[in-house]
Amino acid sequence: METTLKEMALFKVTEELCSLGEVLDFCRDNVQFADVYPHVPEFWKKTIARFMNSYWIKQRGDLQTGEEWYAYAIALRKPKLVNYKLSRFGDDWGRRVTTIWSLTGTNFPFDIYNIQPRPGMTAYVAILEWNDITPTTGCFLHNDPREAFILAAQFAGETFRNALQVQLDLHPDIKAQVWAGSMRYGKCPSYLPPHPGWAFDILDDKSMEMHVTADFGTDDIPSVDAIVYLRPIIF
């Protein structure tokens, strides 16, 4: 969508404000922007991203219009996290998520802010199970399930890359060899390329599990190891 002169002016006059609440107050109190601020999704995405982790923007691919993003910004003024759970029972995964903790399965919790998904909405959850560390879980909603899948795969790649980067920063003289494999493709070695989602390209809708390991060639530095699951869910 082309950026209008009024939208550019709105970016300019709010760029020095220090909180989302200040931006919302400015929009409410300045009538010259009354025909702009409820209709500019990119303005609200970028404004929210100034004050919050970009994960919360990527998560909400189901919000499309300026009105939806403006309502989301208003809701975030008094943020309330709703905790959902995806459960696994042995090798079987649930499909419908719930806010109720399962007593018989393994629960993988994730949060969604304020405006809740529409009933029946399909999304994708990315789960990284680490050795001796609490799993990392991210949820991505989108009106196009394929886009939700891509966002979840990117999240998995970026999360693993960040965990690996911690060791690379601590030991700048070492190199990592990364092994990534799935039930469909088997194992394939690769030295770490620059983009974070590289090894996760083998994930698709027919192969939604993989094992990825970064080895540093010495017993003095523990490997970074994760089993990754992508799972479609229904709210």
Rounded to the angstrom and largest first, Cα extents along the principal axes for region 2-102 equal 57, 27, 18
Which FRET efficiency, nearest 0.05, do K78 and N143 yield, Cβ-Cβ r, R0 30 Å?
0.70
Using mean Cβ contacts within 10 Å as the protection proxy, how do 169-175, 117-123 order, highest first?
117-123, 169-175
Average the reciprocal distances over every distinct pair of alpha-carbons in region 76-126, invert the result, and give the Kirkwood radius in Å.
12.1
Along the dipole axis of the chain (charges at Cβ: +1 for Lys and Arg, -1 for Asp and Glu; origin at the Cα centre), the most positive-end residue among V125, I234, L170 is I234
What whole-number value in Å² describes the accessible area per residue of the chain for a 1.4 Å probe?
54
Rounded to the nearest 10 Å², the 1.4 Å probe accessible area of D91 is 150
Per-residue SASA entry for V36, accessible area with 1.4 Å probe, Å² rounded to 10:
10
Under a Gaussian network model of the chain whose springs join Cα atoms within less than 10 Å, the largest fluctuation of K45, K58, K12 belongs to K12
Any idea what the relative contact order of the chain is, in percent, if you count C-alpha pairs under 8 Å spaced at least 6 apart?
17
Projecting the Cα atoms of I112, G90, I48 onto the charge dipole of region 19-152, where Lys and Arg contribute +1 and Asp and Glu -1 at Cβ, the residue farthest towards the positive end is G90
Anyone know which of F160, F110, F216 comes out most mobile in the 10 Å Cα GNM of the chain?
F216
What spacing in nm lies between the two simple spin-label points modelled at A49 and I221, each 7 Å away from Cα in the Cβ direction?
3.1
Residue by residue through region 59-70, what is 3J(HN,Hα) from phi via Karplus (6.51 cos²θ - 1.76 cosθ + 1.60, θ = phi - 60°)? Round to whole Hz and write x for glycine and proline.
4, 9, x, 7, 8, 10, 7, x, 4, 5, 6, 5
Can you compute the FRET efficiency between D132 and T106 using 1/(1 + (r/R0)^6), with r the Cβ-Cβ distance and R0 = 22 Å? Round to the nearest 0.05.
0.90
Listed by chain and number, the residues whose amide H is under 5 Å from that of L86, excluding neighbours fewer than 5 places away on the same chain and using placed H, are F108, F110
How large is the convex hull of the Cα atoms of the chain per residue, expressed in Å³ as a whole number?
159
HN-Hα J in Hz across region 107-123 - Karplus 6.51, -1.76, 1.60, θ = phi - 60°, x for Gly and Pro:
9, 10, x, 8, 10, 9, 7, 6, 6, 8, x, 5, x, x, 5, 8, 9
Applying the Karplus parametrisation 6.51 cos²θ - 1.76 cosθ + 1.60 with θ = phi - 60° to the phi angles of region 173-180, what ³J(HN,Hα) value in whole Hz is obtained for each residue in order, glycine and proline being reported as x?
8, 9, 10, 10, 9, 10, 10, 10
Heavy atoms of the protein only, probe of 1.4 Å, neighbouring chains included. What is the accessible area of W130 in Å², nearest 10?
40
Going by accessible area, probe 1.4 Å, with all protein chains left in place, what is the ranking of L151, L24, largest first?
L151, L24
So, with +1 on the Cβ of K and R and -1 on the Cβ of D and E, and no other charges, what is the size of the charge dipole of the chain about its Cα centre, to the nearest 20 debye?
660
I'd like the carbon and sulfur percentage of the solvent accessible area for the chain, probe radius 1.4 Å, heavy atoms only, ligands and nucleic acids excluded.
54
Counting only protein chains, not ligands or nucleic acids, how are H39, H142, H211 ordered by accessible area (probe 1.4 Å), most first?
H39, H211, H142
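The values are calculated or read from the model by the stated rules, or taken from the named source; none is laboratory data. Keep in mind that this is a model prediction, so the values were computed, not measured. Using ideal geometry, Cβ is built from the backbone for each residue, glycine included, and neighbour counts are taken over all protein chains shown. Note: areas computed on protein heavy atoms with side chains; ligands, DNA, RNA excluded. Shrake-Rupley method; radii C 1.70, N 1.55, O 1.52, S 1.80 Å.
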